[in-house]
Amino acid sequence: RTVELWREIARRFRNRSVIAGYDLLNEAVTDETAKLNRLYRDIVQAIRSTGDRHIVILEANRYAQQVDALDPPFDDNAMYSIHHYAPHEFTFHFDPTLTYPGQIRGEKWNKKRLEAELQGAIQFSQKYDVPIFVGEFGISSRCAQCLSEYKWVRDTLALFRKHNFHWTYWTYKS
């Protein structure tokens, strides 16, 4: 049913220039990555069978964290998407006393540690020469003057620029 739904969406919208692309599945979580990869291939094939050439966005496994679980590129108009909220204890304020940069889970979290967290996506992008789209990232901010939060956003955006990642700030409400 999912494949046929995407076929119908593509048939209806294939000539609409206001559509930038299709994000096929949000935050899949599976131990059966072969099934996820097969589903992506089947959906893309259904979309392309309609003549639709919009970008297809393939989200990584495990809440869009593990892009290396995806097969090598198989479509010439696809981008790969991750979500970035590391470290969650800080970005979602599970512990409101945490600061960035600082000690979180016994580790020093700073720009270097953030870059290490993004290594899977960086390597995937370089290995296959494909774009990475950070479809979600951000901080559930407590206050406009929280400089620690600003520093996390500043360092994260600097890393996205460095590695040519495209992005959308998800937590627009805060």
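The values are calculated or read from the model by the stated rules, or taken from the named source; none is laboratory data. Given the structure is predicted, the values throughout are model-derived calculations rather than measurements. Counting neighbours? That spans all protein chains shown, and the Cβs are built from the backbone with ideal geometry, glycine included. Side chains are part of the model used for accessible areas, which takes the heavy atoms of the whole protein and leaves out ligands, DNA and RNA. Shrake-Rupley method; radii C 1.70, N 1.55, O 1.52, S 1.80 Å.
Remarks
- Here I139 fulfils each of the conditions (1) open to solvent by less than 30 Å² (accessible area, probe 1.4 Å); (2) not in a loop (DSSP other than H, G, I, E, B); (3) not small (G, A, S) apart from (2).
- Meets criteria (touching a strand residue (DSSP E or B) at 6+ places or on another chain (Cβ under 6 Å), within 21 Å of A64 (Cα to Cα) and hydroxyl-bearing (S, T, Y)) for S125: yes
- Helices (runs of 4 or more DSSP H) contained in the range 15-118 and holding at least 1 residues at pLDDT 95 or above and crowded, with 19+ Cβ neighbours inside 10 Å: 33-48, 61-64, 111-117
- Residues being acidic (D, E) and over 23 Å from T168 (Cα atoms) - total across the range 31-69: 4
- Unmet criterion (only one of (1) open to solvent by 70 Å² or more (accessible area, probe 1.4 Å); (2) polar (S, T, N, Q); (3) touching a residue at least 60 places away in the same chain (Cβ under 8 Å)) for T156: (1)
- Listed by first and then second residue, the pairs with beta-carbon distance under 9 Å, at least 6 apart or on different chains, first residue in the range 10-29 and hydroxyl-bearing (S, T, Y), second modelled with pLDDT under 95 and open to solvent by 60 Å² or more (accessible area, probe 1.4 Å), form an empty list.
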